[in-house]
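This report concerns only the one structure given below.
The values are calculated or read from the model by the stated rules, or taken from the named source; none is laboratory data. Worth saying up front: this structure is predicted, and the values here are computed from it rather than measured. In this analysis, Cβ positions are derived from the backbone assuming ideal geometry, glycine residues included, and neighbour counts consider all displayed protein chains.
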């Protein structure tokens, strides 16, 4: 079992915690992580983009000039794709980009991402992350204590409104409940600050 230091919000070491091998100590599978990220991003797409074909553009009902004798190319409508204000040929239409991924593969991708963070020292376990009031400086001081640079996700066992509101004004910082943690979120952040309760909840659900 990988063992990591346990800190308080002032970045003072208060002990150690053992992490489950099944969740935090596996050999990362990059192929599955890539597939999980692609699946996640595909599922974020709305697919509402749409262009007008020549049949949907208004006008163009009359033949612009006679078929023969003008010396110009024959034209049947001013709404053909080659005309200005004409329809779009092969343009995008509404579609569903949703792709699936089975539970076993999704979990393997998440465990791979978490294990990679642990191996690279980018997962910080804190005994508790709390805020007595809605105050951005509380979260800012904690991040400064840990020298957290770049994008950081604070993972909680349960959604805490005061922590969420205190952190949301800090650029590059987000909060997420443990059950909503996914491969994309883990890989898209430079480091993860996770509470001990959140670690236990992840291990309880997955391990």
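Side notes on the structure shown:
- The conditions of being within 22 Å of residue 37 (Cβ to Cβ), touching a strand residue (DSSP E or B) at 6+ places or on another chain (Cβ under 7 Å) and surrounded by 11 or more Cβ atoms within 10 Å (Cβ to Cβ) are not met by residue 151.
Conditions (1) surrounded by 17 or more Cβ atoms within 10 Å (Cβ to Cβ); (2) modelled with pLDDT under 95; (3) out of contact with any strand residue (DSSP E or B) (no Cβ under 8 Å at 6 or more places or on another chain); (4) more than 27 Å from residue 198 (Cα to Cα), marked per residue:
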{"site": "9", "(1), (2), (3), (4)": "yes, yes, no, no"}
{"site": "33", "(1), (2), (3), (4)": "yes, no, yes, no"}
{"site": "50", "(1), (2), (3), (4)": "no, no, yes, yes"}
{"site": "72", "(1), (2), (3), (4)": "no, no, yes, yes"}
{"site": "79", "(1), (2), (3), (4)": "yes, no, yes, yes"}
{"site": "99", "(1), (2), (3), (4)": "no, yes, yes, yes"}
{"site": "107", "(1), (2), (3), (4)": "yes, no, yes, no"}
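- Counting only strands (runs of 3 or more DSSP E) that sit completely within region 121-207, those holding 2 or more residues that are under 18 Å from the mean Cα position of the chain (by Cα) and free of Cβ contacts under 8 Å to residues at least 24 places away in the same chain correspond to 173-177.
- Near pairs, Cβ below 6 angstrom, 6+ apart or cross-chain, from region 93-116 (in contact (Cβ under 8 Å) with a residue 24 or more places away in the chain and outside the structural domain of residue 190 (by TED's automatic domain parsing)) to any residue that is assigned to a helix (DSSP H, G or I) and exposed (fewer than 10 other Cβ atoms within 10 Å of the Cβ): none
- Lone qualifier among 23, 37 - being within 17 Å of residue 192 (Cα to Cα), in contact with a helix residue (DSSP H, G or I) (Cβ under 7 Å, 6 or more places away or on another chain) and assigned to a helix (DSSP H, G or I): 23
- Test result for residue 87, part of a loop (DSSP other than H, G, I, E, B), touching a strand residue (DSSP E or B) at 6+ places or on another chain (Cβ under 9 Å) and either over 21 Å from residue 10 (Cβ atoms) or in contact (Cβ under 8 Å) with a residue 12 or more places away in the chain (or both): no
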